[in-house]
2 protein chains.
Amino acid sequence: MKNNKSTGEILREKREEKGLLLRHVSAELDIDTAILSKIERSERKATKEQILKLAEILDLDKDNLLVQYLSERILYEIRDEELGSKALKVAEQKMKYINNQKSQD
Amino acid sequence: MKNNKSTGEILREKREEKGLLLRHVSAELDIDTAILSKIERSERKATKEQILKLAEILDLDKDNLLVQYLSERILYEIRDEELGSKALKVAEQKMKYINNQKSQD
DNA sequence: TTATATTTGACCTTAATTGTCAAGTTAAAT
DNA sequence: ATTTAACTTGACAATTAAGGTCAAATATAA
């Protein structure tokens, strides 16, 4: 399947591919290396702004990275919820409904 | 379609159906009427605990109410995100993948 | 009108998120 | 084996967001 890599893994792989150090990238993000280290190991969440900046720094597709990131936030929202899966489906239904409404004005 | 009513609307309808006042229900929840009023008008989110207690007080199906509630939290997470819809789909894929992994140990 | 129910908004408290810093590991290179 | 640079860890501080109170303003209904 696709989408099996976490945002953190994507970021680390690409950073190493480019031969950049935590120090280099975290300086551009204006945060401590500790945080970037944690983000790459999925121990912390990045902010949306950091994700967008990381896409630039590492030449990653912005939309793709953002979708990965947002999907992780969604899953985080329903962590340890037994009904998470159902909730996701209902959320999609609602979303479709809302989008329909919008396209009808 | 189903699922077109917000959690707040569900709560208000059922409360009025039962002839209960904000005062009665909010007392049981141990919060001010102001908050319950806002929850019913979707101006504030309830906590998970409040949702569960509300299901009891109002004789609503717990799982149903919780799913409604969680789906709203999910949608809130991606409010004003253009890529929200894609993120939702990816979240579902990831969820399936995770569930597969779990059933294989 | 007067009483009761609900709503609104200003403000406070608590909890979660995001961050720093310094000390601890790990790994590579002599 | 020792040094050096990169990364990781955990305690804690700052900031932002969530959840709450209260009192005054609006409905609603008798």
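Summary of values
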{"item": "Count of lysine pairs in segment A:7-102 with Cα separation under 19 Å (8 or more residues apart, or interchain)", "result": "16"}
{"item": "Per-residue mean of C-beta atoms belonging to partner chains within 10 Å, peptide B:95-102", "result": "3"}
{"item": "Alpha-carbon centroid distance for the pair segment B:1-41 / segment B:50-85, whole angstrom", "result": "14 Å"}
{"item": "Segment B:30-40 - phi-based ³J(HN,Hα) in whole Hz, Karplus 6.51/-1.76/1.60, Gly and Pro as x", "result": "6, 9, 5, 4, 3, 5, 4, 4, 5, 4, 5"}
{"item": "Other-copy label distances relative to residue A:9, 7 angstrom Cα-Cβ extension, nm", "result": "4.1"}
{"item": "Segment B:26-66: mean projected area of Cα convex hull, nm²", "result": "2.6 nm²"}
{"item": "Cα-based equivalent ellipsoid of chain A: semi-axis lengths in Å, sorted from largest, via gyration tensor", "result": "31, 16, 12"}
{"item": "Charge dipole magnitude, Cβ of K and R +1, D and E -1 - the protein assembly as shown, Cα centre, debye nearest 20", "result": "300 debye"}
{"item": "Estimated vicinal HN-Hα couplings, Hz - segment A:47-62 in sequence order (Karplus 6.51, -1.76, 1.60; Gly, Pro = x)", "result": "8, 4, 4, 5, 4, 5, 5, 4, 4, 5, 4, 9, 6, 10, 5, 4"}
{"item": "Tilt relative to chain B, helix B:84-102 - C-alpha long axis, 0 to 90 degrees, to 10", "result": "70 degrees"}
{"item": "Positive dipole terminus of segment A:7-102, leading residue within A:33, A:66, A:88 (C-beta point charges)", "result": "A:88"}
{"item": "Magnitude of the charge dipole, chain B, Cβ model with Lys/Arg +1 and Asp/Glu -1, debye to 20", "result": "240 debye"}
{"item": "Segment B:4-9 - phi-based ³J(HN,Hα) in whole Hz, Karplus 6.51/-1.76/1.60, Gly and Pro as x", "result": "9, 8, 6, 3, x, 5"}
{"item": "Cα-only Debye scattering, the protein assembly as shown: base-10 log of I(q)/I(0) at q = 0.08, 0.12, 0.18 Å⁻¹", "result": "-0.37, -0.74, -1.18"}
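Each reported figure results from applying straightforward, stated rules to the coordinates on display, with no laboratory input. Computed from a predicted model, the values in this text were never measured in an experiment. Quick reminder, even Gly has a Cβ in these numbers, built from the backbone with ideal geometry, and neighbours come from all protein chains shown.
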